[in-house]
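Comments concern the structure below.
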Amino acid sequence: MKKILCDFRFLLFLAAAAFIYIQMRLFATQSQYADRLADAIESENQCTSQLRTLIDQISLQQGQIVSLEEEKQRLEQECGQLKVLVQELERKGLDRLIDKEQVPVAAVVIMACNRADYLERTVKSILKYQSSVASKFPLFVSQDGSHPAVKEKALSYDQLTYMQHLDYEPVHTDRPGELIAYYKIARHYKWALDGLFYKHNFSRVIILEDDMEIAPDFFDYFESAAALLDKDKSIMAVSSWNDNGQKQFVHDPKVLYRSDFFPGLGWMLARSTLKENHKDRQFIRPEVCRTYNFGEHGSSLGQFFKQYLEPIKLNDVLVDWKSMDLNYLIEDKYIKHFADIVKKAKPIRGTDLVLKARNIGGDVRIQYNDQPDFERIARQFGIFEEWKDGVPRTAYKGIVVFRYQIPQRIFLVGPGSLVQLGVNDS
């Protein structure tokens, strides 16, 4: 009995020990779970906090985006209002300069850049004769670049409209060594002409440079020539310039010529000309210049100024162009008109051509064989020797005409010129 009781107590002891061990393990496990649960709750709280911070940041950014969108819309509205204002100011400025009952003959644009003193001299010369015909010839200044003195000078005149061309694109020349200035000038010319022809809707434009003075009959001359430009589509442009217009080589302010060489330096172009084929088209030029170029310093770097530009004769005679019939300049009539003049000129050959020409009272013609031969003869008389694209300056059908012993005319005749005119040289 004692043995059984002892065994039972031993079993109870073992059971109690096992129970205590199990309780201790359960307590340890519960403690670990509680710690892990606490860590999880803390991590969840951190994630919630970070999520709330991120939401706040997104909300702030969305608010900034909305503000930027509102600012963008406001700026777009302001830009639109400014654009309308500029257009209205341009319209009012142009309306002020143009009589609505008077259809303009041509817009006159002075191409300027960085010479404020030259521009002032040019504008004063133009206004001297333009004021009375302002409705026929509204005046513009187109500046290439942002030279402040030029802009200030142009805006100081109420009688003209100011335009500004800003071009920051790099220039790539076709050939090494070419002047970049000429490419930039070409870009400026295209921009200005597009604006005057297509924005302001002028049918003709007279282009001047900022170093020119004009003759008293400048506007009458171009008004008369405008009808010719419209009528004869073989005419590319009408110029006020003669490259051989030095005092000793001109005489008659009423005489006009056709030329295959573009004279430039004060010329009128029609809007329709830009859309048409330019091949084989010619130019009208006067014997006595209607513009004088005083710009010794400029893009041409003073080229030829002392010898060829400074001695130019600026016409000082008021020619009544309105009473003159210019139909002789129409292509089919002019070739006959010019052929008759050349045919009557006495041919001279050989050496001492200047001396021989002096000993003849009337017009003379001198044959040249090629460009070097022309240059040799031109050098003897002192006229321009230069050719461009195979054409001597001022030439028509290869013939260059100038006065020598006033009113004697000298015709330098190319190898095929007489054939083109239908003149028999026998």
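P407 - would you say it is touching a strand residue (DSSP E or B) at 6+ places or on another chain (Cβ under 9 Å) and open to solvent by 50 Å² or more (accessible area, probe 1.4 Å)?
No.
Could you list, in sequence order, the residues of segment 265-276 that are closer than 27 Å to Q307 by Cβ and open to solvent by 10 Å² or more (accessible area, probe 1.4 Å)? So that I can check it myself, show each step before the final result.
Kept after step one, since they are closer than 27 Å to Q307 by Cβ, are these residues of segment 265-276: 265-267.
If the condition is that a residue be closer than 27 Å to Q307 by Cβ and open to solvent by 10 Å² or more (accessible area, probe 1.4 Å), then L265, W267 are the ones that fit.
For the structure I just gave you, tell me whether D363 is among the charged types (D, E, K, R), within 21 Å of Q405 (Cβ to Cβ) and open to solvent by 90 Å² or more (accessible area, probe 1.4 Å). Break it down stepwise before answering.
Working: among the charged types (D, E, K, R): yes; within 21 Å of Q405 (Cβ to Cβ): yes; open to solvent by 90 Å² or more (accessible area, probe 1.4 Å): no.
Spelling it out, it is not the case that D363 is among the charged types (D, E, K, R), within 21 Å of Q405 (Cβ to Cβ) and open to solvent by 90 Å² or more (accessible area, probe 1.4 Å).
Kindly indicate whether K343 is open to solvent by 10 Å² or more (accessible area, probe 1.4 Å), touching a residue at least 60 places away in the same chain (Cβ under 8 Å) and either among the polar types (S, T, N, Q) or over 25 Å from L229 (Cβ atoms) (or both). Spell out the reasoning first.
On the way: open to solvent by 10 Å² or more (accessible area, probe 1.4 Å): yes; touching a residue at least 60 places away in the same chain (Cβ under 8 Å): yes; either among the polar types (S, T, N, Q) or over 25 Å from L229 (Cβ atoms) (or both): yes.
In short, yes.
V400 fails exactly one of the following numbered conditions: (1) open to solvent by less than 10 Å² (accessible area, probe 1.4 Å); (2) touching a Leu at 6+ places or on another chain (Cβ under 9 Å); (3) not in a strand (DSSP E or B). What is the number of that condition?
Just one mismatch for V400, condition (3).
Across segment 240-259, which residue is surrounded by the fewest Cβ atoms within 10 Å (Cβ to Cβ) among those that are of a type in the set (F, W, Y) and under 13 Å from Y308 (Cα atoms)? Don't jump to the end; show me each part of the working.
Going residue by residue through segment 240-259, those that are of a type in the set (F, W, Y) are 241, 249, 257.
Okay, now just the ones that are also under 13 Å from Y308 (Cα atoms), so 241, 249.
Details: W241: 22, F249: 26.
If we take residues in segment 240-259 being of a type in the set (F, W, Y) and under 13 Å from Y308 (Cα atoms), then W241 is surrounded by the fewest Cβ atoms within 10 Å (Cβ to Cβ).
Which of the residues belonging to segment 192-250 are hydroxyl-bearing (S, T, Y), touching a strand residue (DSSP E or B) at 6+ places or on another chain (Cβ under 8 Å) and within 22 Å of V133 (Cβ to Cβ)?
Taking segment 192-250 as the starting set, the residues that turn out to be hydroxyl-bearing (S, T, Y) are 198, 203, 221, 224, 234, 239-240.
Checking which are touching a strand residue (DSSP E or B) at 6+ places or on another chain (Cβ under 8 Å) leaves us with 203, 221, 234, 239-240.
Passing the criteria: S203, Y221, S239, S240.
Which condition breaks for G245 when tested against (1) modelled with pLDDT of 95 or more; (2) assigned by the TED database to the domain that holds S146?
So the condition that G245 fails would be (2).
Considering segment 366-382 alone, what residues qualify as being assigned to a strand (DSSP E or B), touching a helix residue (DSSP H, G or I) at 6+ places or on another chain (Cβ under 8 Å) and surrounded by fewer than 19 Cβ atoms within 10 Å (Cβ to Cβ)? Spell out the reasoning first.
At the first step, the residues of segment 366-382 found to be assigned to a strand (DSSP E or B) are 366-367.
Filter once more, so that each one left must be touching a helix residue (DSSP H, G or I) at 6+ places or on another chain (Cβ under 8 Å): 366.
Within segment 366-382, none qualify.
May I ask you to verify whether D144 is touching a Lys or Arg at 6+ places or on another chain (Cβ under 6 Å) and of a type outside the set (F, W, Y)? It would help to see each step written out before you state the result.
Numbers: touching a Lys or Arg at 6+ places or on another chain (Cβ under 6 Å): no; of a type outside the set (F, W, Y): yes.
No; evaluated as a whole, the condition is false for this residue.
The values are calculated or read from the model by the stated rules, or taken from the named source; none is laboratory data. Nothing here was measured: the structure is a model prediction, and the numbers come from that model. Methodologically, a virtual Cβ is constructed for each residue, glycine included, from the backbone with ideal geometry; neighbour enumeration extends over all protein chains shown. These accessible areas exclude ligands, DNA and RNA; they are computed on the full protein's heavy atoms, side chains included. Shrake-Rupley method; radii C 1.70, N 1.55, O 1.52, S 1.80 Å.
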